[in-house]
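Data first, discussion second: the structure below is written as structure tokens.
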Amino acid sequence: MQILQQILFILISGLAIWLFSRKVKEISRNIKLGRDEDQTSGQAGMSDNPTQRWKNVLLLAFGQKKMFRNPLVAVMHFFVYAGFIIINIEVLEIVLDGIFGKHRLFAAPLGRLYNFLINAFEILAFLVLLACVIFLIRRNILKLKRFISKDLDGWPRSDANYILITEIVLMTLFLSLNASDTLLQTRGLEHYTANPTGNFILSQYLHPVFNGIGNSGVEMVERGCWWLHIVGIFAFLNYLPYSKHLHIILAFPNAYYARSAPVGKMENMPSVQKEVLYAMQPELTPAPITETQNLAAQQQKFGAKDIMDLSWKNLMDAYSCTECGRCSAACPATQTGKLLSPRKIMMDTRDRMEAVGKNISKNGEFKDDGRSLLHDYILVEELRACTTCNACVQECPVSISPLDIIVQLRRYLVMEESNSPQEWTAMFSNVENNFAPWKFSPDERDKWVEEMNAPIP
């Protein structure tokens with residue numbers, strides 16, 4: 001019987017890991033569909049200043065710096081986060097127990113340290129359980145303003161609830177597993193007394209729940225909790241790539257590769273910058289280009305129309321999005337009833353990536369499906385509503401920039417499609433002719449001083 005359990009466990013573990021690794025490869029492939037960062041933004045790359053980048057990882061990913069603007073929520077979120085990371089160290093023991101048919105494999109080698117660790121895990125498990133209950137109340141009973149936004153209707157709201165409920169169930173199973181295990185130790189069952197641990201700090205208070213149950217019944221509870229706990233973790237592992245909680249993994253590389261430029265700085269387009277330079281300094285114009293170079297130049301787009309025109313960092317941002325809605329809650333366009341939602345921009349980008357990825361998986365390469373990120377997923381009205389104020393960038397807890405995607409899509413609209421409102425077109429014309437947004441020539445800019453009869457210094 002024990003051998004059959006081991007075989008079943010190995011099969012389930014292997015299937016879970018295989019499914020997860022396959023999805024990870026798909027996500028990695030989809031992110032790599034984007035251009036190199038220096039091709040889209042004119043930056044030297046994303047490997048400069050490694051010291052500052054590791055600092056970002058420690059402060060933003062590990063320390064969750066931006067979350068602490070609301071200390072109470074930040075502490076509860078940190079409990080959930082720390083509990084998720086640390087408690088799952090305990091999963092290693094469960095996996096090895098399942099493979100080798102052992103029970104509490106680490107208890108004997110670690111001795112007192114083992115009890116200390118399990119006690120710490122139980123405290124964290126309780127804090128995680130408590131925080132998840134509070135978060136469920138905030139979302140579904142108190143219905144705070146950010147959580148009742150139409151922007152979070154449907155899957156985003158349900159996804160968050162599913163995760164919170166799953167965490168509560170997993171933590172309850174963990175405590176129940178320890179309680180039934182230590183109770184069977186006190187009753188002297190051979191399998192459980194092989195590596196005695198004694199009672200644990202919190203699970204011991206669950207013993208009265210099982211006192212009226214016989215040894216076989218308690219053993220069934222212990223085995224049931226063990227199997228449900230590890231299978232639940234495997235199920236969560238494979239649910240993770242499809243949910244908002246993918247940021248648990250991607251927050252770290254996303255924080256490392258965050259742009260080092262000051263927030264609000266817009267990068268020039270290298271191709272446009274060169275054209276301006278050559279117009280002002282013709283002597284710098286390079287030699288006539290070859291036919292191949294000319295074809296490549298013709299194929300180059302200004303701005304972005306589809307995900308392949310964005311950088312891989314933009315695409316990683318889309319997968320790293322927490323879907324918390326903080327960006328949309330801070331966006332003045334969203335709050336004044338405009339169509340724009342920064343959160344939706346990121347979700348539309350992710351949805352388009354998934355669609356392109358399925359296209360590639362089906363056909364072996366991308367076959368034109370007649371759709372694009374611009375127009376089919378993100379509408380012109382959304383892009384025009386953006387004020388480029390950077391509120392969304394400032395609020396994002398994992399350093400995502402919806403604005404960067406918005407700017408690149410708007411550049412395509414204006415420079416490739418000549419699609420801009422009349423007011424914008426007039427401003428562009430004034431900038432081109434008068435070097436300013438206003439319809440005044442440079443020679444007339446000092447006339448207001450003369451009209452005031454004021455001496456010119």
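The values are calculated or read from the model by the stated rules, or taken from the named source; none is laboratory data. Everything numeric here is computed off the predicted structure, so don't read it as measured data. Note: ideal-geometry Cβ built from the backbone for every residue, glycine included; neighbour counts use all protein chains shown.
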Item to check | Unique residue being assigned by TED's automatic domain parsing to the domain that holds LEU130, surrounded by fewer than 16 Cβ atoms within 10 Å (Cβ to Cβ) and either at pLDDT 85 or above or on the phi > 0 side of the Ramachandran plot (or both) when the list is LEU92, LEU105, LEU72, LEU117 | outcome: LEU92
Checklist entry - Going through the stretch 406-437 one residue at a time, which ones are of a type in the set (A, V, I, L, M), in contact with a helix residue (DSSP H, G or I) (Cβ under 7 Å, 6 or more places away or on another chain) and touching a residue at least 60 places away in the same chain (Cβ under 8 Å)? => result ILE406, LEU409, LEU413
Checklist entry - Out of the residues in the stretch 368-387 that are of a type in the set (A, V, I, L, M) and not in a loop (DSSP other than H, G, I, E, B), which is farthest from TYR412 (Cα to Cα)? => result ALA385
Checklist entry - Here is a list of conditions, (1) surrounded by 18 or more Cβ atoms within 10 Å (Cβ to Cβ); (2) at pLDDT 85 or above, and LYS23 meets all of them except one; can you say which number that is? => result (1)
Checklist entry - Is at least one residue of the stretch 394-405 without any contact (Cβ under 8 Å) to a residue 40 or more places away in the chain and either over 20 Å from THR349 (Cα atoms) or part of a helix (DSSP H, G or I) (or both)? => result no
Next on the checklist: Restricting to the stretch 381-440, name every residue that is touching a Ser or Thr at 6+ places or on another chain (Cβ under 7 Å) and farther than 21 Å from MET269 by Cβ.
Outcome noted: PRO397, VAL398, ILE400, ASN434
Checklist entry - Out of curiosity, is ILE163 outside the structural domain of ALA329 (by TED's automatic domain parsing), out of contact with any Gly (no Cβ under 8 Å at 6 or more places or on another chain) and under 17 Å from VAL80 (Cβ atoms)? => result yes
Checklist entry - Of the residues that make up the stretch 102-120, is at least one part of a helix (DSSP H, G or I), under 28 Å from the mean Cα position of the chain (by Cα) and in contact (Cβ under 8 Å) with a residue 60 or more places away in the chain? => result no
Checklist entry - Only one residue in GLU423, GLU417, GLU365 is surrounded by fewer than 16 Cβ atoms within 10 Å (Cβ to Cβ), assigned to a helix (DSSP H, G or I) and not basic (Lys, Arg), so which one is that? => result GLU423
Next on the checklist: When the residues of the stretch 141-154 are narrowed to those that are exposed (fewer than 14 other Cβ atoms within 10 Å of the Cβ) and not aliphatic (A, V, I, L, M), which ends up farthest from ALA329 (Cα to Cα)?
Outcome noted: GLY154
